[in-house]
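The values are calculated or read from the model by the stated rules, or taken from the named source; none is laboratory data. Nothing here was measured: the structure is a model prediction, and the numbers come from that model. Because the Cβ atoms are built from the backbone with ideal geometry, glycine has one as well, and the counts that use them run over all protein chains shown. Ligands, DNA and RNA are excluded from the accessible area calculation, which covers all protein heavy atoms including side chains. Shrake-Rupley method; radii C 1.70, N 1.55, O 1.52, S 1.80 Å.
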Amino acid sequence: MNVSPVTVDGEHALAGWTQGPQGGRALLKRHGSTWEVLVCGGDELQRASLLTEAGLAAPAAQRLSRAQAAAEARLPAAHRQQLSTFKQTIRLQPGQAHGPASHGASAPAAARHP
């Protein structure tokens, strides 16, 4: 698994991930020294409006969305295309297990620790 790019704004982060031919993005929240995955998805996690729905303040959502877009723009085209292959939006509950068993073999199990 490859986790890249990762952008951080305050207590939230967006992480791109690829595993084999699959890829997507994860929205994470910092809890002390650990990170919790809040939402796993694809292209929709580029939208500030979805980040706001997930609990970020609008200014933070806009900053994180812009930072992730800039980071992804520097990636090779094939890597950017992989980030778009995850076609679900999965909102995890606090403490919910995250990994292949929770929502399919393409899940970014390591993405909770960028």
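Residues in segment 51-84 that are more than 18 Å from Ser4 (Cα to Cα) and hydrophobic (A, V, I, L, M, F, W, C) were compared, and the one that is modelled with the lowest pLDDT is Ala54.
Within segment 25-40, identify whether any single residue is in contact with a strand residue (DSSP E or B) (Cβ under 9 Å, 6 or more places away or on another chain) and at positive phi, and answer yes or no. Among the residues of segment 25-40, not one is in contact with a strand residue (DSSP E or B) (Cβ under 9 Å, 6 or more places away or on another chain) and at positive phi, which makes the answer no. Within segment 5-25, the set of residues being open to solvent by less than 70 Å² (accessible area, probe 1.4 Å) and either within 18 Å of Arg66 (Cβ to Cβ) or aromatic (Phe, Trp, Tyr) (or both) comprises Pro5, Val6, Thr7, Asp9, Gly10, His12, Ala13, Leu14, Ala15, Gly16, Trp17, Arg25. Selection of segment 26-62 for residues being more than 24 Å from Thr85 (Cα to Cα) and in a helix (DSSP H, G or I) yields Ala58, Pro59, Ala60. For segment 55-84, filtering for residues that are among the aliphatic types (A, V, I, L, M) and open to solvent by 30 Å² or more (accessible area, probe 1.4 Å) leaves 8.
Selection within segment 26-50: residues that are within 19 Å of Ala69 (Cα to Cα) and of a type in the set (S, T, N, Q). The member of this set that is modelled with the highest pLDDT is Ser49.
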